[in-house]
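Peer 1: Here it is, the structure in full.
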Amino acid sequence: NILPDGSLSVTARTRSFDAQFADGEQPEHRFKFAYRRFCDRWLDVHGWPLFRPLAAGDEHLLTKLHVPTSDNPAELDAQLLGLAKILIDSLNDGALDAQLDEIEAGERSLGKLQRFLDARGYLHTARDLATLRAIQSLRSTGAAHGRGSGYTKALKRLGLDNKPAQAIVTALIEEAILMLDGLADAADDLAAAPTT
């Protein structure tokens, strides 16, 4: 028998001893709640999903998303790949194309999303696109390919160089929660016609 480090979390105490419902405090729990809240809100307001539902073979990415338990590069890569598939690869290109006045040849999902948000006067476009581009950059320069100078530069730009896997994933999840909450709160305004 080994004594646990620390004490019970507020969530564990509330659920176990007070017999009350309590939201999770961990970043991955809050992300999953924010993601589902956003997806439901966006679909209700817009009638189309901004993030296409994950394919049956990829549903595990959302359920398995977590802050790594150790500074393990393989676990870090798995979480970066998961975040990229959930938030970037799942962007609904077809629906974004239908919302934009013109289609630009070769334009990628993030460019379309930026034009869509800018046209509707969303205040946090730069912040949210920076979050998505950071996830994409770390996936492309590290998780999906061999780590090189691009990966180190991406971490440095984010202020995450020399940080353990736990800190990197936590920072990205916290930024993603901020993005999802901001978009969910602005869903009604973003359904309006473009301001341009």
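Peer 1: What residue, of Gly148, Gly111, is more than 16 Å from the chain's Cα centre (by Cα) and modelled with pLDDT under 90?
Peer 2: Details: Gly111 fails: modelled with pLDDT under 90.
Just one listed residue meets the conditions, Gly148.
Peer 1: Out of everything in segment 176-192 that is touching a residue at least 60 places away in the same chain (Cβ under 8 Å) and either open to solvent by 40 Å² or more (accessible area, probe 1.4 Å) or of a type in the set (Asp, Glu) (or both), what residue ends up being nearest to Ser70 (Cα to Cα)?
Peer 2: Asp181
Peer 1: Any residue in segment 73-80 that is in a helix (DSSP H, G or I), under 13 Å from Ile168 (Cα atoms) and among the polar types (S, T, N, Q)?
Peer 2: Step one: of segment 73-80, the residues in a helix (DSSP H, G or I) are 73-80.
Of the ones still in play, those that are also under 13 Å from Ile168 (Cα atoms) are 73, 75-80.
Filter once more, so that each one left must be among the polar types (S, T, N, Q): 79.
Yes, segment 73-80 contains at least one residue that is in a helix (DSSP H, G or I), under 13 Å from Ile168 (Cα atoms) and among the polar types (S, T, N, Q).
Peer 1: Still on this structure, I have one more. Given Lys156, Lys163, which one is part of a loop (DSSP other than H, G, I, E, B), of a type outside the set (Phe, Trp, Tyr) and open to solvent by 50 Å² or more (accessible area, probe 1.4 Å)?
Peer 2: Details: Lys156 fails: part of a loop (DSSP other than H, G, I, E, B).
The unique qualifying residue is Lys163.
Peer 1: Okay, moving on. Has segment 167-175 got any residue that is under 20 Å from Val67 (Cβ atoms), of a type outside the set (Gly, Ala, Ser), open to solvent by 50 Å² or more (accessible area, probe 1.4 Å) and touching a residue at least 60 places away in the same chain (Cβ under 8 Å)? Write out each step before concluding.
Peer 2: Within segment 167-175, the subset under 20 Å from Val67 (Cβ atoms) is 167-175.
Okay, now just the ones that are also of a type outside the set (Gly, Ala, Ser), so 168-170, 172-175.
In the following step, the residues that additionally are open to solvent by 50 Å² or more (accessible area, probe 1.4 Å) were identified as 174-175.
The next check asks that each one be touching a residue at least 60 places away in the same chain (Cβ under 8 Å); those that pass are 174.
Yes, segment 167-175 contains a residue that is under 20 Å from Val67 (Cβ atoms), of a type outside the set (Gly, Ala, Ser), open to solvent by 50 Å² or more (accessible area, probe 1.4 Å) and touching a residue at least 60 places away in the same chain (Cβ under 8 Å).
Peer 1: Answer yes if at least one residue in segment 133-152 is in contact with an Asp or Glu (Cβ under 9 Å, 6 or more places away or on another chain), open to solvent by 40 Å² or more (accessible area, probe 1.4 Å), part of a helix (DSSP H, G or I) and more than 30 Å from Gly47 (Cα to Cα), and no otherwise.
Peer 2: yes
The values are calculated or read from the model by the stated rules, or taken from the named source; none is laboratory data. Note that this is a predicted model, so its numbers are computed, not measured. Methodologically, a virtual Cβ is constructed for each residue, glycine included, from the backbone with ideal geometry; neighbour enumeration extends over all protein chains shown. With ligands, DNA and RNA removed, areas are computed over all heavy atoms of the protein, side chains included. Shrake-Rupley method; radii C 1.70, N 1.55, O 1.52, S 1.80 Å.
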